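Remarks on the structure that follows.
The values are calculated or read from the model by the stated rules, or taken from the named source; none is laboratory data. All values reported here derive from a predicted model rather than from experimental measurement. Every residue, glycine as well, gets a Cβ built from its backbone with ideal geometry; the counts of neighbours run over all protein chains shown. Surface accessibility is based on the protein's heavy atoms, side chains included, excluding ligands, DNA and RNA. Shrake-Rupley method; radii C 1.70, N 1.55, O 1.52, S 1.80 Å.
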Amino acid sequence: ASCAQGRRASQTAPRPDSRSLCHTRGMIAAVFVGYGTLVLAEAIYQYISSRNRNALLSGIASGAVLVAAAVMTMKEVALGPSVGLGATLAMTGVFASRFSKTKVFIPTGLMFMASVMTLALLFPLLRR
């Protein structure tokens, strides 16, 4: 059963209603897609400004993992939110490391702030 089909609450254990769960999954997926798009945009910016092909490839891969996590979340694959959270945590570490080395706010510091804000959005959603 999917969000579109709806679900009946279990008779044995009280569960949040299915519309609430579907809404939460949708919000989590939207956060992953939004953050993945930002990561991809940052990679393209880095490639254009410094011709760093490795940054472009890693940004494409990271963005793809985040979009895949969003799709898995919407398809109710249990691993989806964990994959997205792991990728977000990893990217937060990458941007924190880069920012501490370069002290350049655009784009690295900005992406670090976006990563922290993404985590701040995700944690309450994932606790539901």
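Remark: relative contact order (the chain) = 24 percent; criterion is Cα-Cα distance under 8 angstrom and separation of 6 or more residues. Applying 1/(1 + (r/R0)^6) with R0 = 22 Å to the Cβ-Cβ distance of residue 125 and residue 100 gives a FRET efficiency near 0.20.
A full extension of the chain between residue 44 and residue 89 corresponds to an added length of 14.1 nm, given 0.36 nm per residue minus the alpha carbon distance.
Going 7 Å from the Cα of residue 20 along its beta-carbon direction, which residues of the range 96-128 have the amide nitrogen within less than 12 Å of the resulting point? Zone members listed by number: 128.
Accessible surface calculations at 1.4 Å, restricted to protein heavy atoms, place the chain at 61 Å² per residue.
By the Kirkwood approach, averaging reciprocal distances over each pair of separate Cα atoms, the chain gets a hydrodynamic radius of 15.6 Å.
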